[in-house]
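The values are calculated or read from the model by the stated rules, or taken from the named source; none is laboratory data. Quantities reported herein were computed from a predicted structural model and do not represent experimental measurements. Reconstructed Cβ throughout: ideal geometry from the backbone, glycine too, with neighbour counts over all protein chains shown. These accessible areas exclude ligands, DNA and RNA; they are computed on the full protein's heavy atoms, side chains included. Shrake-Rupley method; radii C 1.70, N 1.55, O 1.52, S 1.80 Å.
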Amino acid sequence: MDQTATMPDTHQTRSAPDASTSHDSASDGPTSREPGFLARAWRGDPADHPAARPALVLLLVGTAALYLWGLGSSGWANSFYSAAAQAGSDSWKAMFFGASDAAGSITVDKTPLSIWVMALSVRLFGLSSWSILVPQALMGVATVALLHATVRRTTGNAWAGLGAGLVLALTPVAVLMFRFNNPDALLVLLLVGATAATLRALEDPRRAARWLALGGALVGLGFLTKMLQAFLVLPALAGVYLLAASVPLARRLVHLVVAFAAMVAAGGWWVLVVELWPASSRPWIGGSQDNSILELTLGYNGLGRLNGNEVGSVGGGGGPGGGGGGWGETGLLRLFSSEIGGQVAWLLPAALLLLVAALWLTLRSGEDRRTRPVTAGLVVWGLWLLVTGLTFSLMAGIFHAYYTVALAPAIGAILGIGGHVLWQHRHTVTAVATAVAVLLSTAAMATVLLGRSDGFLPWLALLVVVLAAISAVAIVLLRFLPARLRRRAGLAVALASIVALLAGPTAYAVDTAGSAHTGSIPSAGPSTGRGGFGAGPGGRRGPGGGQPPQLQDGRTGQGQPPQGAGPQGAPGGTGAAPGNGTGTGTGNQGGAGAGGLLDGSTSSESIDALLTQDAGSYTWVAAAIGSNSASGYQLSTEEPVMAIGGFNGSDPSPTLAQFQQLVADGEVHWFIGGGGAGGRGGPGASGGTSTQIQEWVEETFTATTVDGTTLYDLSGGIA
């Protein structure tokens, strides 16, 4: 018997309890009282299977354990953002702007909402890797819970919600980014919330404008987290409301205008404040060449990501013939490449198959009150997956594999909803054929992806293939079994199918959680021998090796200059790690290091003692080329360290004249040699100001080497 056929319609508006019944219940004494909040929370919806709520608790507890276990091993993770969080914990003004240091020399190259969360955590709990990383892990648990609730509401099936949440929780790139301090964790949570609010607007026409305003506001906060990437879900949200809302078209358009206004208000107020704030009394906008947040939004973090025309960036933009400059080949198969496939592609073919088949089965059966939410759910998550996936596949500018965490909720939701639809139509040939195709395509994908990680669980691919093949045959044969055997056999087949689908990504997820990740370009899973910028030899952990792209002036994107470019900033080759695959991200093994374009610097007790000496007399205890070069020293001393030129060392701030004036005024104590893109400053669209500053310091002041790092004492001023 179809269990779901007897399930109440969870999308009907529930009637209020009868007043007389409530009064009688209240007067009957303690034995007839309503169960308490905790009891209701544990039991969940009465329409659900009794095991559904304990299974949800197990899912959330397991997700929390996966995301929190050994979290401190990653240290500062991305020290670029950790330094900004430390700065924000010291200065409310630095926190508001997202400045890299508490004195406010320059901001990070993103809008600052994720910095605010980390800075508040540091203010509350003190500076540590845990206070910076735990908020991201909790965001991950919240995202899994929210996706479960959304899919559960869409389908009326708790198991569909559990499946969606489980797929998201075990996606390798999700495990990576919910244990890391890039803005992506908060972005994904906000966008899932926006999608949930939009689907609620479809259910409740009377309050549709309110739900859409909430969804728009969450997208606006997504903009405050990672700028224009948040807008990739807008075609899905607007499209599903235009197609599926039950109100007249004119009201739909009015509601969407309300949502747009809420989005602009939630995301635009900060931009307006920054644009109106006198530039002389705020930090330089990192990543821009004209000190403009609008330029950063529309250029370096906007259209430049699509067409590769990113002034001040590394990589040189997109190349001809489908190339992506230093960021990998573009094209429809990019998400399945050796660099990206293991992050997110395990269930991508299955999601595409289920999306098509579930839409076909749902629309063919005719829409009613039960199927309309399911169709809307498939449309919104399908558009999310397609628009975001195609954008990532074809963008010619800066692209990193970890961006694909934005695909994980859509893949999980489609598998949950699609699996529910297949179960509803399990006696049809289409559903059986789709289930078989999903299993076999997933097994084939797992074989390819596991084959790229030489020596990693060599038996797993065979296990996945065998389980998938047996499950596929069993699905075909189930319909011929006697009714009394079909239920037990179906349960066994379902369990075997789940193992076949999730074995590969689970292995990668556990490997990711068990490893430290640091630097600017982390990656999930074991080594695959992939190249790519910052991938390391095989790209196993964090940044480091691989062949870095050429900077726009011909230099390499590592923390040391090419042959013949002049002396390095520090003897012994500090700067970027040579890609040992450990993810430590330090410049030299075992000592202090000046860091580089992708790796945070490493201080020492001796350097800390010098930098903190008489620190209260200076605005900045030191200055270094590039944000990562400055970050390690700032995190170690908890004192402001100026990041000359911002992340790439290529922003024209400060100019040589401005820096000379700061030195003359006694604002900067030390200059730390090395670091930046190329080790002698970034390319700099305005003539290489970082390089000019470093050359002036080297010519004017005497170098001192401490623990392998070159320092220049600027306290004497300009001679």
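Just how far, in whole angstrom, is region 455-519 from region 253-271 if you go by their alpha carbon centroids?
If we compute the Cα centre of each part, the gap is 44 Å.
With the full set of protein chains in place, find how many percent of the accessible area of region 45-135 is carbon and sulfur; take the probe as 1.4 Å.
71 percent
For region 110-209, what does the accessible surface come to per residue with a 1.4 Å probe? Please give it in Å².
Spelled out: the 1.4 Å probe surface of region 110-209, per residue, equals 25 Å².
Place the peptides 644-655, 65-76 in order of packing, highest mean first, counting for every residue the other Cβ atoms within 10 Å and averaging per peptide.
Sorting 644-655, 65-76 by mean packing, highest first, produces 644-655, 65-76.
Whose amide H sits under 5 Å from the amide H of W670, counting only residues 5 or more places off or on another chain, with H placed in the peptide plane?
A622, A623, L714
Rounded to a whole number, what % of the accessible area of region 356-478 do carbon and sulfur atoms account for, probe 1.4 Å?
On the way: 3500 of 4680 Å².
With neighbouring chains kept in place, the figure for region 356-478 is 75 percent.
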